[in-house]
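Everything below concerns the one structure shown next.
What follows is calculated from the coordinates using simple rules that are stated; it is not laboratory data. Source: prediction; values computed, not measured. Virtual Cβ from ideal backbone geometry, glycine too; neighbours counted across all protein chains shown.
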């Protein structure tokens, strides 16, 4: 069982930031599957799931952005009501706290992914092994 | 009106004789009692006998704030410790403050100078002084307090802050004089305006004494019209007793510096040579009446100039202009002296902070510090960044005593400083 890597970019909260970051990805033909922005007074963190993670990380670094790669859990689910609730129930039972979470949906609208950031990835992965939840594995599945 | 007419209007030639006598006395005591000065005299090959005229002051060694730090806490005392009755401190560049000691006579003498200053602005025994400077280790409030009591006026030891209560005190006790920083005066006027308080209609204010921070003539005019009072410029520094070193009379054209207490030199900071009368230079002061901790040729780092000509008020002590700048990069926020090096030292001690930072002074009481974070510190966690921000804020506050607004920025985004001066961006229009 494995997770997926999320790219985080640290950015001051000012106009044009997302534009500059996404320009790097667009120029490299990198597809953004999901994007989320957490901002606080003065600065923010932009998080991406992309199709070419290593390339995206490398290019953003080269352009001088402050970037970090973090493993997150990606639960595969059907694009229909009640799916996130099922996953959340399991996480509650296992006492796994969600630090951050967001969703992306596949083109076909058949499948969607619930991305969850947790504090202790190893513990979460170990506990989830016994559960009947499908986790996306970046290393195995090729889009 | 004079507090001490004889000395305030003393003939200049008699003043010089008095200065020379006092200078010789001070030099002799330091030569006998203070090892720091004994060594300096030895290095320069001089003895007290070499001081034959006032110009001979230039043979004497300088004293710098580093000397005060190096001799902290008791090294510069010229009397035994049982003669000392009060300690004040002033912030320094390296974490250690400068300690300033007062003997009983020193307290009286600093109060005497304040008494002259207050009377010089038209104060009478019927006045009520609301003292809004910080009581404590800073000299600002206590020295003024003792001087006002010496005059015999009612002093309200309000201290700074709690603006609503300040206004209530003014209303309830009919304060006629305020002693405060220019930045707090600006804030106070805003609060009064928002509350619909019309000073002339609702209060009894006549005058305010502004000190501890540099401010412009324009700000004085603005505050005078907002409060509908006279505002007088006050100059002092802890190393020279605090407030009362120089003060404006009712003519409001430069501050009379009490030359019977301080020997004034204005030097070109690059050559240490005296400037021509009326030209700008660094103010260098020698105490002439101090007992506990006399200082020779103390480099204030403040830039000013002598205002030539006689003052219509009749006082013969020369006037200096408001402070025009600093020789070093010290700046003042809310009356607190801050050196960029203090901020730098704190920042560099914190893990996650990169080399570059910037200090922004945007409004009269706000200090912002932009800090670049280290590439490797960033792990995608907003919590870690917020913790870092809190840590920086708290550590800075405990060092500089002012709570800064800390902004975290990306590495490599701040302009690269070539000198320390570039790190401070002062946009204030005080």
Review point. Among rounded, prolate and oblate, which fits segment A:72-135 when a ≥ b ≥ c are the square roots of the eigenvalues of its C-alpha gyration tensor, a/c under 1.5 means rounded, and a/b larger than b/c means prolate?
Key: prolate
**Study point:** Computed Rg/Rh of the protein assembly as shown, alpha carbon atoms with Kirkwood Rh
**Key:** 1.14
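Would you order B:3, B:258 from fewest to most other beta-carbon atoms within 10 Å of each residue's own beta-carbon? Show your work: numbers first, answer last.
Working: B:3 19, B:258 24.
Lowest count first: B:3, B:258.
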**Study point:** Structure-based [θ]222 nm, the protein assembly as shown - -39500 (n - 2.57) summed over DSSP H runs of at least 4, per residue, nearest 500
**Key:** -9500 deg cm²/dmol
Review point. Any idea what the relative contact order of segment A:4-70 is, in percent, if you count C-alpha pairs under 8 Å spaced at least 6 apart?
Key: 47 percent
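At a 10 Å Cβ-Cβ cut-off, how would you order B:16, A:89, fewest neighbours first?
Numbers: B:16 15, A:89 10.
Ascending Cβ contact count within 10 Å gives the list A:89, B:16.
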Review point. Nearest-5 percent of antiparallel DSSP beta bridges in the protein assembly as shown?
Key: 75 percent
Check your understanding: Given Cα pairs under 8 Å that are at least 6 residues apart, what percent is the relative contact order of segment B:53-170?
Key -> 20 percent
Review point. Using the C-alpha gyration tensor of segment B:265-406, what are the square roots of 5 times its eigenvalues, in whole angstrom, with the largest one first?
Key: 43, 15, 15
Check your understanding: Most mobile of A:16, A:44, A:82 per a Gaussian network model of chain A (Cα springs, under 10 Å)?
Key -> A:16
Study note, to complete from the structure: Under the rule rounded for a/c under 1.5, else prolate if a/b exceeds b/c, else oblate, using alpha carbon gyration tensor axes a ≥ b ≥ c, chain B is classed as oblate
Check your understanding: Cα axis of helix A:17-27 to longest principal axis of chain A: angle in degrees, 0 to 90, nearest 10?
Key -> 80 degrees
Check your understanding: Could you give the angle, 0 to 90 degrees to the nearest 10, between helix A:83-93's Cα long axis and the longest principal axis of the Cα atoms of chain A?
Key -> 70 degrees
Review point. Where is the GNM fluctuation largest for chain B (alpha-carbon springs, 10 angstrom cutoff): B:148, B:185, B:354?
Key: B:354
Review point. To the nearest 10 degrees, how steeply does helix A:53-62 sit against the main Cα axis of chain A, on a 0 to 90 scale?
Key: 30 degrees
Check your understanding: Among rounded, prolate and oblate, which fits segment B:249-324 when a ≥ b ≥ c are the square roots of the eigenvalues of its C-alpha gyration tensor, a/c under 1.5 means rounded, and a/b larger than b/c means prolate?
Key -> oblate
Exercise for review: Take peptides B:207-213, B:26-32, B:81-87, B:58-64 and line them up by average Cβ neighbours within 10 Å, highest first, as a rough protection proxy.
Suggested key: B:207-213, B:26-32, B:58-64, B:81-87
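Just to be sure I understand: of the beta bridges DSSP finds with both ends in chain B, what percent are antiparallel, rounded to 5?
Percentage antiparallel, nearest 5: 65.
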Review point. Remind me, relative contact order of chain B in percent, using alpha carbon pairs under 8 angstrom and six or more residues apart?
Key: 14 percent
